[in-house]
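Every number here is computed from the coordinates shown, using simple stated rules; none is lab data. In this text the structure is predicted, and so the values were computed from the model without any measurement. Here the Cβ positions follow ideal geometry from the backbone for every residue, glycine too, while neighbour counts run over all protein chains shown.
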Amino acid sequence: MDRTRSRTGAVLGSLTALALALTGLFTGGAGTAGAQTRAVPQHAVTGYWQNFNNGAQVQKLADVQDEYDIVAVAFADATATPGEITFNLDSAGLGGYTVDQFKADIKAKQAAGKSVIISVGGEKGAVSVNDPASANAFADSTYKLMQEYGFDGVDIDLENGLNSTYMTQALKSLAGKAGSGFVLTMAPQTIDMQSPSNEYFKTALAVKDILTVVNMQYYNSGSMLGCDGKVYSQGTVDFLTGLACIQLENGLAPSQVGLGVPASSRAAGGGYVSPDVVNNALDCLAKGTGCGSFKPSRTYPDIRGAMTWSTNWDATAGSAWSKAVGAHVHGMP
């Protein structure tokens, strides 16, 4: 996600809790961070909530549409200490939203069976984890935020490179502190997931035992290679399916793969697809229907679901994305 533009213009970048527990995978909740362990649904929808006003509809966390199962709070801030993060609620930009209201809204979302996590990065979110000290600082400071606010986990959206060795160390340490309910998501750019030898991909594979979902950003990308070696253009069903196939065939479980797309044409510089294209791509990957020219050699019925930037841009467009994609994802067997 393009954090600079998100602050100044267009971004480039119901089930009951019991039902969720019965049908979900137990990878949600904050463990020892304070919130009860809950299930992330087997098929889940992730949305980024903007902690700033960039022209999209301003939301309090309580306003986030019910279709979102995982809400990623965008973004944490880096401190002067390498690897360390903090969080500063933009109360002024959000119409006087207070920290106490924010914390209460997190608890309310969790009571409704949702997971709320802190996102680290964005286009300008330069958090550096390059040695043991910064890895420890990342784990300690992220866990501190989980305890303070009740976050269920963390989203890694670092778009300026990462070191797989030390980010893996940091995330493993954090997971050990947080307990079994830890939620870990990632939002790499397409270039980061073209090969399992890339640092981002290596990190995802190294933390596979604690990883909830990788929601790669299938936008602001240009054309990229699919798993069949052919070039596909962003903004098409083939782009979604052909690139998802790389992750699905190179070590990630289908339940750890999601499709990250803009909520509207205003939410990204390029790569927007309508909700029906997202749904077709999910059907193509899950059951071999709705495909374009690319059709995977096998199906992945456990594919996790979809992500969007952002819940705010979705609200600006009448929540058309979450209504259509949310219903489709939650209806997947």
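The table below gives the values:
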{"read-out": "Mean projected area (nm²) of the alpha-carbon convex hull when region 230-318 is viewed from all directions", "value": "5.7"}
{"read-out": "Pairs from Lys202/Lys287; Lys230/Lys323; Lys60/Lys287; Lys172/Lys287; Lys287/Lys323 whose Cα-Cα separation, in the structure shown, is over 26 Å", "value": "Lys202/Lys287; Lys230/Lys323; Lys60/Lys287; Lys172/Lys287"}
{"read-out": "Disulfide-incompatible cysteines by the Cβ rule (no partner under 4.7 Å) in the chain", "value": "none"}
{"read-out": "Loop-located trypsin sites (Lys or Arg not before Pro) in region 169-214, at most 15 other Cβ atoms within 10 Å (DSSP)", "value": "Lys208"}
{"read-out": "Globularity index of the chain, i.e. its alpha-carbon radius of gyration over 2.2 N^0.38 Å", "value": "0.89"}
{"read-out": "Pairwise centroid distance, computed over Cα atoms, of region 122-173 with region 228-286, Å", "value": "26"}
{"read-out": "Whole-angstrom Cα spans of region 113-202 along principal axes, big to small", "value": "34, 31, 25"}
